[in-house]
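Colleague: Got a structure for you, questions after.
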Amino acid sequence: MASLNYRGAVLLYALVFALLILPLVIGGEVIAPHRQHSELAAADRTGANQLENRKFSDFTNGYIPEISEHLNGSRSGWLTLWINQNELGRPAYQISGFSPAYLPSWLIAQATGSPWHFITVLSLGTCFLGGLFILLFAREIGLSPTAGLLAGTGFAASPLFMYWLTFPMFPAVWCWSAGGLWAITRLAKGADIIGWSVLAFSGYSLLMTAYPQPVVFHAYLLGGYSLWLAYHQLRISRVAPVKFLALAASALVVGAALAFPVYRDLAVLSSESARVSPDPSFFTAVLPKFANFDELIRFLVLSTVPEIFGHPIAPSFPFSYDGLSVTLTVVFFSVVALFTVFNKIWGWWLAIVVLCLLAFVHPLYVLGVKFLGFNLSRSTPLGSIMLPLTIITALGIDALVKRTHDRNIGRAVLIGGLSILTLLIVGVTYGISQDVPICWGLVAGMLLVSGLLFAQNERSRPLLLMLALGGSLILTSYPLILKQDPTQIAVTSPLVEKVRANLPPGSRFAVAAPGIPVLPPNLNATLNLASVHSYNSLSSTRYHTLINELGGQMHTYGRYNGVIDPDYAGSMFWMSNISLILSSGKLGNENLEPLGEESGIYLYKVVSRMGESLQLLPPQVEMSQKKLTIGDARSLPTRTPIKILDEGDILEFEVAPMAPSVFLLSQKFHRDWQARAYINEGWQAAQTVEIDGVFQGVILPPETSRVRLDFKPLVRYAWLGHFFWFFLLVLTGFKLWQKSRCRCLENVRQ
């Protein structure tokens, strides 16, 4: 490895990462926290021994259903825009990287229709790119290829990345922040199309894929770094920093502009959302708290050597663990950097100190919630330490490999080695004091890693450094991957099939209070079974109105509803088009017909319901009316429309030509639905209307024979962004070809 160059480092990095994921490829496995048998009331007869952990329930109840709709949902164009499977229908979310509105996700969607394979490629691809960006950053600041290789590999396969593979929006934060770091560093050296393009795409990707709150933390990190670079450029000229900052700002503006269609639609959802603005205590609840010295020691041990107590991702792990730990090699290299290149890393240590203060001093974080944008979502700042710590690690490895500080290297290696031995001793001692079993095999493995690091004392041995990193990742990172055989993931059960058999097309099922332990909200979308329930952070006030009228409640700050307790003869229940009731106990009502029991769940057919749509003749209709209260529609003259087209975001019905009437759709109102009425062999615009504060309606002019509704959010123009990125990719490739050709001609002349 002494003669390793950066081209070889990139190839070796790709090989190491391929070896990391090889067991998944060979075993045909996918990223998944569990096999969802208990969620479907299915008996698990697979005999599988893969670890399951239902802590990551959002994977099953949120991400897989959303991706499934994007890949296989009903749509008229290239994007799934409207989802009918939960609430009374809602717009599809186009963020978190789950939608083909994001270019890399569109490319993945062309290759697979499986949501589990999709999220596996998305997560692992994000990890790979994150490490590659660190490697390229190391090259940009003049570090040795070995330093770039080890730091990039440690970053991509860190415990934090592996633990959160089931939540790809978290790795996306670190990956694209690393991309922005490299691009900013490159741009600071001069105008460069590669640096500008990567910065623009990193900003775009952070908006389209990443969890919002850590993006804010990293925006401050990268903003501070950019200002530091600009300050140093002042020594060259006054024009250089202005040019650099203008280029960087223009790249970010372009990235934000291309994400704008998605965020315009998200803003509409937010404006109509019933989400409660929580107290600052909601955000500080996830921050670490130390009531005594024991808790401080436990935090230190779990941040460095949690593996000695067992499998940290297993439900049986004796402590709470969130992936916020570093490997022993990171500790070692950070200590080496501290004693050899402190003048180069003090700014990154300062960033770590600030993040720790925000995490540990809660009043400081409350100030951030009020004034610094820390109120987007709950997230600890400690996860944002990863990027600066990786940079420190890279500089420490570089100092160790180059031995440019020979007087300090021996001492730094000794202190670094003693530091990790001390952490092991403290961890073992704490475990024994708490009567927690110790995994002595892992302790022995960590001691072996420590020996490989101690071997750097006399001279640098890059191969041993690579072995130490590999051993550390095998012991700590790889076991954190939650993976399953996709053929063993339950996608049906006797209960699911009975629900499917008794659920007429276009109708929904509901769960009666007090609830059932299976078929949680949103999971039903993966099964193509429509439900009135939902787990949605931005559920609208209209949906809350419906749930209140149906005797249900919204929980978790207005995000979740899983049961209702309705008046089965009421008009709101009748208009909701619920055809099937699931209950944990027997129900008695004239509007419910028993269908028997399955897996301990009682099923009831709803005798009287409105159906998917209705044409009404209210006493008085104004053609420009935007809201309408009709009360009990059963008391009015009605006709039943005939559906002739359903493409998810385009619906068309035949209606009866008559006096001005109202078309009522058993679907939640949204202002981006546009309507047209067919009159005398021609189409003309019709007024959409909100009915009873919940439902979608259209005011039909006289003699209308057909009505058509088109859902037209701004995200449907996201394809323009795809064309832009393809154009930029071609342009960048052409510029690189020109540059390479000029070099070749120059070499020929010489």
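Colleague: Taking only pairs six or more apart or across chains, which ones have beta-carbon atoms under 7 Å, a first residue in region 441-455 that is on the phi > 0 side of the Ramachandran plot, and a second residue that is open to solvent by less than 10 Å² (accessible area, probe 1.4 Å) and modelled with pLDDT of 90 or more?
Modeller: none
Colleague: Now a separate question. When you go through (1) surrounded by 16 or more Cβ atoms within 10 Å (Cβ to Cβ); (2) part of a helix (DSSP H, G or I) one by one for LEU22, which number turns out not to apply?
Modeller: Every condition holds for LEU22 apart from (1).
Colleague: Let me spell it out: the conditions are (1) over 21 Å from LEU300 (Cβ atoms); (2) open to solvent by less than 20 Å² (accessible area, probe 1.4 Å); (3) part of a helix (DSSP H, G or I), and PHE374 meets all of them except one. Which number is the exception?
Modeller: (3)
Colleague: Of the conditions (1) in a loop (DSSP other than H, G, I, E, B); (2) open to solvent by less than 20 Å² (accessible area, probe 1.4 Å), THR146 satisfies every one except a single condition; which number is it?
Modeller: With (1) in a loop (DSSP other than H, G, I, E, B); (2) open to solvent by less than 20 Å² (accessible area, probe 1.4 Å) applied to THR146, the lone miss is (1).
Colleague: For ALA251, which of the numbered conditions (1) of a type in the set (A, V, I, L, M, F, W, C); (2) more than 31 Å from the chain's Cα centre (by Cα); (3) open to solvent by less than 20 Å² (accessible area, probe 1.4 Å) fails to hold?
Modeller: Evaluating ALA251 over (1) of a type in the set (A, V, I, L, M, F, W, C); (2) more than 31 Å from the chain's Cα centre (by Cα); (3) open to solvent by less than 20 Å² (accessible area, probe 1.4 Å) leaves (2) as the failure.
Colleague: Among the residues of region 664-683, is any open to solvent by less than 10 Å² (accessible area, probe 1.4 Å), of a type in the set (Val, Ile, Thr) and over 16 Å from GLU87 (Cβ atoms)?
Modeller: no
Yes/no per residue for (1) among the hydroxyl-bearing types (Ser, Thr, Tyr); (2) open to solvent by less than 30 Å² (accessible area, probe 1.4 Å); (3) in contact with a Phe, Trp or Tyr (Cβ under 8 Å, 6 or more places away or on another chain); (4) farther than 30 Å from ALA42 by Cβ:
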{"residue": "ASP567", "(1), (2), (3), (4)": "no, no, yes, yes"}
{"residue": "SER584", "(1), (2), (3), (4)": "yes, no, yes, no"}
{"residue": "ASN589", "(1), (2), (3), (4)": "no, no, yes, no"}
{"residue": "GLU597", "(1), (2), (3), (4)": "no, no, no, no"}
{"residue": "VAL607", "(1), (2), (3), (4)": "no, no, no, no"}
{"residue": "LEU617", "(1), (2), (3), (4)": "no, no, no, yes"}
{"residue": "SER635", "(1), (2), (3), (4)": "yes, no, no, yes"}
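Colleague: Select from region 564-585 the residues that are under 22 Å from ASP692 (Cβ atoms), outside any strand (DSSP E or B) and under 37 Å from the mean Cα position of the chain (by Cα) and list them in ascending order.
Modeller: ASP565, PRO566, MET572, PHE573, TRP574, MET575, SER576, ASN577
Colleague: Scan region 526-557 residue by residue and report those that are under 22 Å from the mean Cα position of the chain (by Cα), in a loop (DSSP other than H, G, I, E, B), among the small types (Gly, Ala, Ser) and buried (at least 22 other Cβ atoms within 10 Å of the Cβ).
Modeller: SER539
Colleague: Filter region 504-525 down to the residues that are surrounded by 21 or more Cβ atoms within 10 Å (Cβ to Cβ) and under 30 Å from ILE642 (Cβ atoms) and list them by number.
Modeller: ARG508, PHE509, ALA510, ASN524, ALA525
Colleague: Follow-up question, since we're still on this one. Six or more apart or on different chains, Cβ under 7 Å: which pairs go from a residue in region 698-718 that's closer than 17 Å to GLN687 by Cα and part of a loop (DSSP other than H, G, I, E, B) to one that's of a type in the set (Gly, Ala, Ser) and open to solvent by 50 Å² or more (accessible area, probe 1.4 Å)? Could you list them?
Modeller: If the second residue must be of a type in the set (Gly, Ala, Ser) and open to solvent by 50 Å² or more (accessible area, probe 1.4 Å), the pairs left are PRO702/ALA659.
Colleague: Could you tell me whether region 3-11 includes any residue that is crowded, with 16+ Cβ neighbours inside 10 Å, at pLDDT below 95 and in a loop (DSSP other than H, G, I, E, B)?
Modeller: Yes, some residue in region 3-11 is crowded, with 16+ Cβ neighbours inside 10 Å, at pLDDT below 95 and in a loop (DSSP other than H, G, I, E, B).
Colleague: Of all residues in region 478-498, which are out of contact with any strand residue (DSSP E or B) (no Cβ under 6 Å at 6 or more places or on another chain), closer than 18 Å to LEU595 by Cβ and buried (at least 18 other Cβ atoms within 10 Å of the Cβ)?
Modeller: SER493, VAL496, listed by residue number.
Colleague: Tell me which residues, restricted to region 700-740, are of a type in the set (A, V, I, L, M), more than 30 Å from GLN94 (Cα to Cα) and surrounded by 14 or more Cβ atoms within 10 Å (Cβ to Cβ).
Modeller: LEU700
Colleague: Whether any residue in region 289-299 is open to solvent by less than 20 Å² (accessible area, probe 1.4 Å) and in contact with a helix residue (DSSP H, G or I) (Cβ under 8 Å, 6 or more places away or on another chain) is what I want to check.
Modeller: No, region 289-299 contains no residue that is open to solvent by less than 20 Å² (accessible area, probe 1.4 Å) and in contact with a helix residue (DSSP H, G or I) (Cβ under 8 Å, 6 or more places away or on another chain).
Colleague: Hey, another quick one. Any residue at all in region 81-89 that is in a loop (DSSP other than H, G, I, E, B) and open to solvent by 40 Å² or more (accessible area, probe 1.4 Å)?
Modeller: Looking through region 81-89, at least one residue is in a loop (DSSP other than H, G, I, E, B) and open to solvent by 40 Å² or more (accessible area, probe 1.4 Å).
The values are calculated or read from the model by the stated rules, or taken from the named source; none is laboratory data. Just so it is clear, the structure is predicted and the values come from calculations on it, not from any experiment. Cβ atoms come from the backbone with ideal geometry, glycine included; neighbour counts cover every protein chain shown. Protein only, heavy atoms only, side chains kept; ligands, DNA and RNA dropped before computing areas. Shrake-Rupley method; radii C 1.70, N 1.55, O 1.52, S 1.80 Å.
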